[in-house]
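What follows is a single structure, written as structure tokens, with notes after it.
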Amino acid sequence: MKEIGPKILHVDGVPAFVVLRFAEYQRLLELAAASPARPVDASSSPADDHHRAAEDELITPSTDRSALPIRDQSAQPRIPLNGLIPHEVVSAAVHNHWTLARAWREYLGLNQLALAQRLGVSVSSYLTMETEFARLPATSRERLADGLGIEVEQLVSRPRRLRRVE
């Protein structure tokens, strides 16, 4: 069997997860149980951690969320003016099996209640609009697009064109 090392997975360009072989995970758990965990000093540099790592076999990182790098939450999601759909919206729709209406709502950081209030409808009516978008009359589609601040075309998934194989 080919030996595979740890794989680091990034979220928004920041290392977020590490995938390890199960045996390595068990070894780390045993080391953690055997040594007292001490918090990582926020003022220390990664170079200091490297020198301390020579002393310890295991360093327990801080789980304080304030110490984690996060994306600026004050930045508003960008809505393309050219009628295109952002990659994040398409990815959310495809990977989560959502309608484009829900993917847009999530992308814009709105909950169902907030959007229902924007549209002046009940949450259950909004849910029907979100889940059965394809069957809605044109006026309801336009209303939903206006509530999201986008064009109707950005809510409609276009059927794929089949390519001829020659």
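Here are the numbers for the structure shown:
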item: Under Karplus coefficients 6.51, -1.76 and 1.60, residue-wise ³J(HN,Hα) of segment 104-110 in Hz, glycine/proline x; result: 5, 4, 5, 4, 7, x, 9
item: Vicinal HN-Hα couplings computed from phi for segment 7-22 (Karplus, 6.51 cos²θ - 1.76 cosθ + 1.60; Hz; Gly/Pro x); result: 10, 9, 9, 9, 10, 6, x, 10, x, 10, 9, 10, 9, 10, 5, 4
item: Rounded FRET efficiency, nearest 0.05, which uses the C-beta distance separating H95 from R27 and R0 of 41 Å; result: 0.80
item: When segment 87-154 is reduced to its Cα atoms, the Kirkwood hydrodynamic radius in Å; result: 11.8 Å
item: Within segment 87-154: Cβ-based charge dipole about Cα centre, in debye rounded to nearest 20 (Lys, Arg +1; Asp, Glu -1); result: 180 debye
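Values quoted throughout were computed directly from the atomic coordinates according to the rules given, and no laboratory measurement underlies them. Every value quoted in this text rests on a predicted model; they were computed, and no experiment measured them. Every residue, glycine as well, gets a Cβ built from its backbone with ideal geometry; the counts of neighbours run over all protein chains shown.
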